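The values are calculated or read from the model by the stated rules, or taken from the named source; none is laboratory data. Worth saying up front: this structure is predicted, and the values here are computed from it rather than measured. Note: ideal-geometry Cβ built from the backbone for every residue, glycine included; neighbour counts use all protein chains shown.
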Amino acid sequence: MHQFDHAPVTVDELTSYERNGKRYYTVPAVESDWSHTYKSVTTIISEKSDKSWIADWHARVGEKEANAIVEQAKRRGTAVHDMAEKLLKNDPDYWKGHGAINIADFNRIIPLLQKNITHIYGQELALYSHTLKTAGRTDVACWWNNYPAIVDFKTARKTKLKEQITDYFIQSCCYSLMFQERYNIYMDKIVVIILVDNEDEPVVYEDNVYPKWSEKVVQIFT
């Protein structure tokens with residue numbers, strides 16, 4: 001079995017909670033015994049994004065059907081993230097407890113991960129920034145194809161074009177900037193891997209952190 005190599009950083013154990021559908025993190029303050037509470041990265045992005053299409057979609061397909069699709073997507077996303085975390089930790093039983101369809105789907109990205117991922121700094125790594133005043137957890141901080149990168153796993157029912165996933169890049173770029181602030185390690189790349197239903201190969205989008213996405217993050221979070 002392929003063995004992924006690890007170069008772990010110090011892990012911050014942040015506490016989180018939800019209120020009115022929004023996630024908050026409690027993070028340590030600077031040079032004091034007090035703590036700060038910050039909204040999560042995804043909560044802030046959601047607040048700043050145009051989500052009118054969601055209501056339109058619910059109206060078009062019906063509330064019951066829309067809720068069923070959302071719940072199925074959540075379960076599939078959870079399965080993919082769980083298997084990815086275990087595989088990258090070199091667990092040979094990464095697939096246990098998951099359905100055959102999800103396992104088959106996830107297995108399609110394994111060669112991609114084995115080829116490109118090295119020097120794993122952390123998985124489900126809790127990050128925060130006093131500059132951006134936010135916090136969250138990134139899927140993987142590692143080296144991707146010889147560049148330090150944030151790698152994010154997504155699932156989708158249909159193929160998404162790069163211009164349709166602006167929020168994904170903003171999210172991962174924010175994690176990149178938080179990682180650099182926390183560990184003083186420069187992150188070059190953003191990698192978004194999307195497992196699409198009924199597609200033979202995963203869709204992979206890559207981009208640079210600077211300057212385009214870093215400027216967008218600063219605009220949104222400050």
### Query
Within region 12-52, how many residues turn out to be at pLDDT below 90 and either more than 21 Å from the chain's Cα centre (by Cα) or assigned to a strand (DSSP E or B) (or both)?
10
### Message
Among the residues of region 86-105, are any polar (S, T, N, Q), more than 26 Å from M187 (Cβ to Cβ), in contact (Cβ under 8 Å) with a residue 12 or more places away in the chain and in a helix (DSSP H, G or I)?
### Response
yes
### Given (1) over 18 Å from V11 (Cβ atoms); (2) within 15 Å of the chain's Cα centre (by Cα); (3) aliphatic (A, V, I, L, M), index of the condition V140 fails
(1)
### Query
So which of Y168, Y175, Y147 ends up being touching a helix residue (DSSP H, G or I) at 6+ places or on another chain (Cβ under 8 Å) and within 22 Å of L88 (Cα to Cα)?
Y175
### Task
Kindly indicate which of A141, A156, A135 is within 22 Å of V41 (Cα to Cα), at pLDDT below 95 and small (G, A, S).
A156
### Message
Under 6 Å between Cβ atoms, which residue pairs at least 6 apart in sequence (or on different chains) link something in region 40-62 that is more than 27 Å from C173 (Cβ to Cβ) with a partner that is assigned to a helix (DSSP H, G or I)?
### Response
H58/A66
#### Entry: region 146-164, subset among the charged types (D, E, K, R) and without any contact (Cβ under 8 Å) to a residue 60 or more places away in the chain, residue surrounded by the fewest Cβ atoms within 10 Å (Cβ to Cβ)
E163
### Query
Residue check: is D82 part of a helix (DSSP H, G or I), out of contact with any Asp or Glu (no Cβ under 9 Å at 6 or more places or on another chain), acidic (D, E) and surrounded by fewer than 19 Cβ atoms within 10 Å (Cβ to Cβ)?
yes
